[in-house]
Amino acid sequence: MAESDGSTASLLDIVENRHIIVCTGSGGVGKTTAAATLAMAAADAGRRTIVVTIDPARRLAQSLGLDALSNTPQAVAGVEGLDAMMLDMKQTFDEVIERHAEDARKAERIKANTFYQQISSTLAGTQEYMAMEKLYDLHHEGGYDCIVVDTPPTRNALDFLDAPRRLTDFLDGRFLKMFLSPGLSATRTIGKVAAFGTGMFMRAAGRITGASVLDDLAEFFQSFDGMYEGFKQRAQQVYRLLSSGQAAFVVVATPEPGALREARYFVERLAEDGMPLAGVVINRVTPAPSTELGTLLDEVSMACRARLAEGDDRERAVAGMIELATRQTDVSARQARNIAERLRGLEVGATATVPLMATDVHDLEGLRAVRAHLLSA
């Protein structure tokens with residue numbers, strides 16, 4: 001496998017120099033915490049930074065000490081130079097329509113269309129496409145030195161790369177181009193779709209809109225004519241930006257086999273697509289006991305532990321502590337094996353491990369504790 005772009009750089013180098021940082025990984029591994037931590041570190045390095053979440057949950061807002069996030073950048077109190085925002089998919093899609101429509105009247109007609117109002121918030125791939133649109137807008141406007149993106153909570157986090165292509169393919173597909181015939185109505189549409197299977201089409205339309213809205217469908221695609229190329233070109237521009245030296249991907253995982261298996265897939269897929277991998281973050285790792293305690297555990301025989309367990313309260317307490325330390329040692333060793341086995345043979349760039357914290361990370365103090373481990377690589 002080819003060596004990744006970020007293979008010789010630490011994550012600290014990344015936050016100090018890259019313009020775009022994308023945190024990816026399977027759901028529930030701590031991408032939001034990693035994104036917030038990297039953004040805070042970039043701001044602390046004197047870079048004007050924004051962290052963008054696509055996750056509708058409030059984890060990013062909470063960890064940054066904010067009540068809520070919106071589609072408008074919001075300053076983070078306590079971290080100079082750091083803004084945060086949450087993608088509003090519908091609002092961003094409206095902005096895209098306004099940008100690509102030939103005039104304001106056409107844009108308003110599309111936005112008022114029932115079919116558009118449904119797909120602007122439900123069509124598969126829309127969220128990720130709009131994330132790319134917002135990312136490109138922030139890049140193009142030039143107001144930030146560093147843009148950190150927290151990708152959606154999905155099993156396949158690389159939908160962030162795939163979904164825009166799927167969406168533009170949908171909008172430009174042969175099946176849907178039949179709606180672009182001048183004067184096409186629902187009645188004429190039914191005749192044209194018969195060759196494809198009217199029942200199949202009606203079921204598909206019902207899943208997307210919840211009703212039979214062929215007239216709205218025809219009007220939508222007729223109004224959309226001439227805008228396909230703009231959508232496709234923007235998706236291509238963002239793809240080139242993400243594969244350039246200005247960007248870096250950080251894959252986040254936990255030390256469990258399932259998450260590491262997904263991380264391996266992400267790393268391999270990024271390499272196949274020529275995307276610059278900065279490194280892998282393994283979150284919630286059980287730390288090994290200190291060297292002194294490890295030595296003590298080796299010296300305390302099983303017979304001695306059994307005698308302690310049968311002794312007075314003090315001796316039983318010691319036995320309990322030894323048992324807990326032994327279990328911690330076993331879990332730590334198992335996780336280390338998991339990491340080594342699942343990532344063997346990969347060029348992963350910088351590798352950082354973040355230990356399992358005593359409490360959830362929910363404020364700036366918690367993020368700073370994570371940062372001490374995240375940027376030590």
| request: Looking only at the stretch 97-150, count how many residues are in contact (Cβ under 8 Å) with a residue 24 or more places away in the chain, closer than 21 Å to Ala36 by Cα and small (Gly, Ala, Ser). | output: 2
| field | Near pairs, Cβ below 6 angstrom, 6+ apart or cross-chain, from the stretch 273-294 (part of a loop (DSSP other than H, G, I, E, B)) to any residue that is modelled with pLDDT under 85 and surrounded by fewer than 19 Cβ atoms within 10 Å (Cβ to Cβ) | value | Pro289/Ala325; Pro289/Gln328; Pro289/Thr329
| said: Out of the helices (runs of 4 or more DSSP H) lying entirely within the stretch 33-152, which hold 3 or more residues that are closer than 28 Å to Arg284 by Cβ? | reply: 59-63, 126-141
| query | Taking into account only those residues within the stretch 1-15 that are in contact with a helix residue (DSSP H, G or I) (Cβ under 7 Å, 6 or more places away or on another chain) and surrounded by fewer than 22 Cβ atoms within 10 Å (Cβ to Cβ), which is modelled with the highest pLDDT? | reply | Ala2
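Quick grid of which residues meet (1) modelled with pLDDT of 90 or more; (2) outside the structural domain of Asp162 (by TED's automatic domain parsing); (3) closer than 30 Å to Arg59 by Cβ:
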position	(1), (2), (3)
Gly279	yes, no, yes
Thr295	no, yes, no
Glu299	no, yes, no
Arg316	no, yes, no
Thr326	no, yes, no
Ser332	no, yes, yes
Met357	no, no, yes
| query | Got a number for residues in the stretch 94-144 being farther than 30 Å from Arg47 by Cα and of a type outside the set (D, E, K, R)? | reply | 21
| request: Count, please, the residues in the stretch 321-356 that happen to be in a loop (DSSP other than H, G, I, E, B) and either without any contact (Cβ under 8 Å) to a residue 60 or more places away in the chain or over 13 Å from Thr33 (Cβ atoms) (or both). | output: 7
| Scanning the stretch 28-65 for residues that are among the charged types (D, E, K, R) and in contact with a Cys (Cβ under 7 Å, 6 or more places away or on another chain), which turns out surrounded by the most Cβ atoms within 10 Å (Cβ to Cβ)? | Lys31
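The values are calculated or read from the model by the stated rules, or taken from the named source; none is laboratory data. All of these numbers come straight from a predicted model, not from anything done at the bench. Methodologically, a virtual Cβ is constructed for each residue, glycine included, from the backbone with ideal geometry; neighbour enumeration extends over all protein chains shown.
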